[in-house]
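Q: Here it is, the structure in full.
What follows is calculated from the coordinates using simple rules that are stated; it is not laboratory data. Small disclaimer: the values here were computed from a predicted structure and weren't measured. Quick reminder, even Gly has a Cβ in these numbers, built from the backbone with ideal geometry, and neighbours come from all protein chains shown.
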Amino acid sequence: MSSLPPPPPPGGSATPTSPSPGPSSAGPGAAPLIEVEGVTKVFGDVVAVSEVSFTVGPGVTALLGPNGAGKSTLFRVLCGLTPPTGGRVAVLGRDPRRDREVRGRIGLVPQQDGLFDRLSGLEFVTLAAATHGVDDPAAVARWALERVQLTEAGDRLCATYSKGMRQRIKVAAALVNEPDVLILDEPLSGLDPVQRRRMIALFHEWAAGGRCVFVSSHVLDEVARLGSRVLVIAQGRLAATGDYHALRDLMDDRPHRVLVGVDDPRPLAAALVGDGLAVAVSVAEGRVVVDTDDVDALGRRLAPLTRDLGIRLREVVPLDDDLESVFRYLVEGR
């Protein structure tokens with residue numbers, strides 16, 4: 001066990017100087033720690049982020065979006081690593097691009113690897129601590145390694161780490177300055193289920209006491225475990241914001257889509273429509289894609305129905321929980 005105690009909660013973040021500019025994930029009465037107003041980021045002819053506005057308060061907030069949606073670009077703008085082409089950003093009430101002090105209160109876990117493979121894990125995290133100018137960087141690094149459960153692997157070279165270990169060592173490096181705002185870009189990628197649960201618990205622990213943890217993911221199931229506050233970004237634009245469960249409830253108001261794999265799809269498609277289990281079907285290459293208003297009834301009837309028809313049932317795959325379907329619903333109204 002490290003001799004260092006857990007870091008204290010932040011002591012009074014700066015109060016933003018302007019009202020909330022857009023949709024907010026802050027709780028009732030909570031001052032936003034991140035403000036984004038009309039932010040656009042353009043690279044040549046490519047618009048990576050387009051007129052995005054939101055605020056984020058204390059606690060854990062998820063940024064949900066498919067790969068290429070603009071999540072990483074937005075995070076780089078929030079950390080002051082790249083300027084917005086247009087709009088305004090404030091973190092803890094200040095401009096992270098211009099204010100060095102506020103950058104020191106932000107922790108970033110980038111999506112890119114960026115480890116120094118010739119250093120041990122302990123040396124890598126110690127270097128991160130020294131870069132922030134903390135007292136006793138080696139002791140702080142040992143404390144951070146303990147938080148991500150890599151103490152025993154600290155003497156190993158980063159080159160020997162698995163994908164999950166490399167993710168966790170990046171989180172350790174982001175904690176050394178005890179950030180008030182912790183920004184994590186796809187931090188759960190490559191982790192096994194046990195590691196994911198532990199890391200999510202760490203994020204919630206870190207957010208306690210008024211800190212902000214802002215986590216991106218392209219996996220809908222991960223967002224359900226991260227927490228209820230969510231911002232949804234698609235094609236560089238903010239598509240939705242609010243409570244995750246409310247978003248799912250909205251999606252439940254539309255037909256569910258299920259893929260059914262069978263050896264003879266046409267009789268099954270006709271039977272599903274005839275029994276009122278499907279509002280629409282399509283058939284292709286041994287599969288039936290079913291739109292249904294009652295997914296539970298469909299699940300109960302599929303096995304008996306295929307047995308009665310003498311058809312072999314190979315697979316049943318819900319298509320509503322993939323992220324692309326979420327964005328089709330939000331952006332295109334499907």
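Q: Which residues' amide hydrogens lie under 5 Å from the amide hydrogen of Ala240, considering only partners 5 or more residues apart or on another chain, with H built in the peptide plane?
A: Under 5 Å from the amide H of Ala240: Val232.
Q: On to the next question. Run the quick spin-label model on Arg225 and Ala297: label points 7 Å from Cα toward the beta carbon, then report their separation in nm to one decimal.
A: Placing both labels 7 Å along Cα→Cβ, they lie 3.4 nm apart.
Q: A further question on this structure: Which chymotrypsin sites (Phe, Trp or Tyr not before Pro) in segment 96-159 sit in a loop by DSSP (not H, G, I, E or B) and have at most 12 other Cβ atoms within 10 Å of their own Cβ?
A: Phe116
Q: Still on this structure: May I ask for the Kirkwood hydrodynamic radius of segment 34-189, worked out over all distinct Cα pairs and given in angstroms to one decimal?
A: Taking the inverse mean of 1/r over all distinct Cα pairs, segment 34-189 comes out at 16.4 Å.
Q: Hey, what do the phi angles of segment 283-290 turn into as Karplus ³J(HN,Hα) couplings, whole Hz, using 6.51/-1.76/1.60 and θ = phi - 60°, x for Gly and Pro?
A: With the stated coefficients, segment 283-290 comes to 10, 6, 6, x, 9, 10, 9, 10 Hz.
Q: For Ser189 paired with Arg266, estimate the spin-label separation in nm (one decimal), with each label point 7 Å from Cα along the Cα-to-Cβ line.
A: For Ser189 paired with Arg266, the spin-label model returns 4.4 nm.
Q: At 0.36 nm per residue, minus the direct Cα-Cα distance, what do Leu259 and Arg307 gain on full extension? Give it in nm, one decimal, please.
A: Computed gain between Leu259 and Arg307 is 15.5 nm.
Q: Between Gln149 and Arg98, how many nm apart are label points set 7 Å from Cα along the C-beta direction?
A: The two pseudo-label positions are separated by 4.4 nm.
Q: So between Ala280 and Arg197, what do we pick up on full extension, going 0.36 nm a residue minus the alpha carbon distance?
A: 26.1 nm
Q: May I ask you to derive the FRET efficiency for Arg118 and Arg237 from their Cβ-Cβ distance with R0 = 41 Å, giving the value to the nearest 0.05?
A: Efficiency, from the Cβ-Cβ distance: 0.50.
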